[in-house]
Amino acid sequence: MNKKTILVVEDNELNMKLLRGLLKISNYTMLEAFNAETGIETARKFKPDLILMDIQLPGMDGLEATKVIKQNDELKNIPVIALTSYAMHGDKDKAFEAGCTDYITKPINTKGLIETLNKFFAA
C-alpha cells in the first residue's frame, strides 16, 4: 500500500502539532500550510491525496480556498475535509457548497478523525 499524503491547512500551531502526531502514527505523510494561499500553492506543487482545511484562516478563509482548489482541473478531485471550531448552524452546508467532501468539528476527536481519513483511502 502506498503511503498517502495529506495536506493540512491550519493556522493554529497546537492543532497542527496534534495533527502532525496523529498522521505520523497513522502512517500518513503530512504537508503543512499555515494559511490558505500557501495551502493552495502546496496543493498545486505536491498534489496531495487529501486536504484537511481549517475554515477560519487569516486572509482568505478555508471555504474560499476550497473553491479555488475545486476550480483547478488538476486539483478538483482531491477530497477536502473542512475543520472548524466555530460550528454554527449552516456551516456544514456552506462547507459542502464550497466543495468540501466531509466536515469535522474541533476539538478534534482523534479516533473519529483517523476513521474518517481511513474511509477515504479504503478499497
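Inter-label distance, K47 to D11: 3.1 nm, where each label sits 7 Å from its Cα along the C-beta direction.
Going through the cross-link list K17/K119; K76/K119; K70/K92; K67/K111; K3/K92, which pairs have a Cα-Cα distance over 26 Å in this structure?
On the way: K17/K119 23 Å; K76/K119 19 Å; K70/K92 17 Å; K67/K111 28 Å; K3/K92 29 Å.
Those over the limit are K67/K111; K3/K92.
Using a cutoff of 8 angstrom between alpha carbon atoms and counting only pairs six or more residues apart, the relative contact order for region 1-70 works out to 39 percent.
Cβ crowding within 10 Å ranks D93, D54 as D93, D54, fewest other Cβ atoms first. Taking the chain as a Gaussian network of alpha-carbon nodes connected by springs under 10 Å, the highest mean-square fluctuation of the residues F34, F96, F46 belongs to F46.
Hey, any idea what the orientation-averaged projected area of the convex hull of the chain's Cα atoms comes to, in nm²? Kindly include the intermediate steps, with their values, before the conclusion.
Working: hull surface 28.2 nm².
Mean shadow area of the hull around the Cα atoms is 7.1 nm².
For the pair E37 and K76, label points projected 7 Å from Cα toward Cβ lie 2.6 nm apart.
For the chain, a Gaussian network of Cα nodes joined below 10 Å ranks P58, P79, P107 by mean-square fluctuation, and the top entry is P107. Can you find, among A95, N15, Q71, the residue sitting farthest towards the positive end of the charge dipole of the chain, where Lys and Arg contribute +1 and Asp and Glu -1 at Cβ? Final value for the positive-end residue is N15. D73 sits among other residues whose Cβ lies under 13 Å from its own Cβ, and their net charge, with Lys and Arg +1 and Asp and Glu -1, is +3.
Here the label points at R20 and K119, each 7 Å from Cα along the C-beta direction, are separated by 2.9 nm in the simple model.
Explain nothing, just the number: relative contact order of the chain, from Cα pairs under 8 Å at least 6 residues apart, as a whole percent.
Details: 186 pairs, mean separation 26.9, N = 123.
That works out to 22 percent.
Any read-out appearing in this document is the output of simple, stated calculations on the displayed coordinates, not a laboratory observation. Not measured: the values here are computed from a predicted model. Every residue, glycine among them, receives a Cβ derived from its backbone with ideal geometry; neighbour counts consider all protein chains shown.
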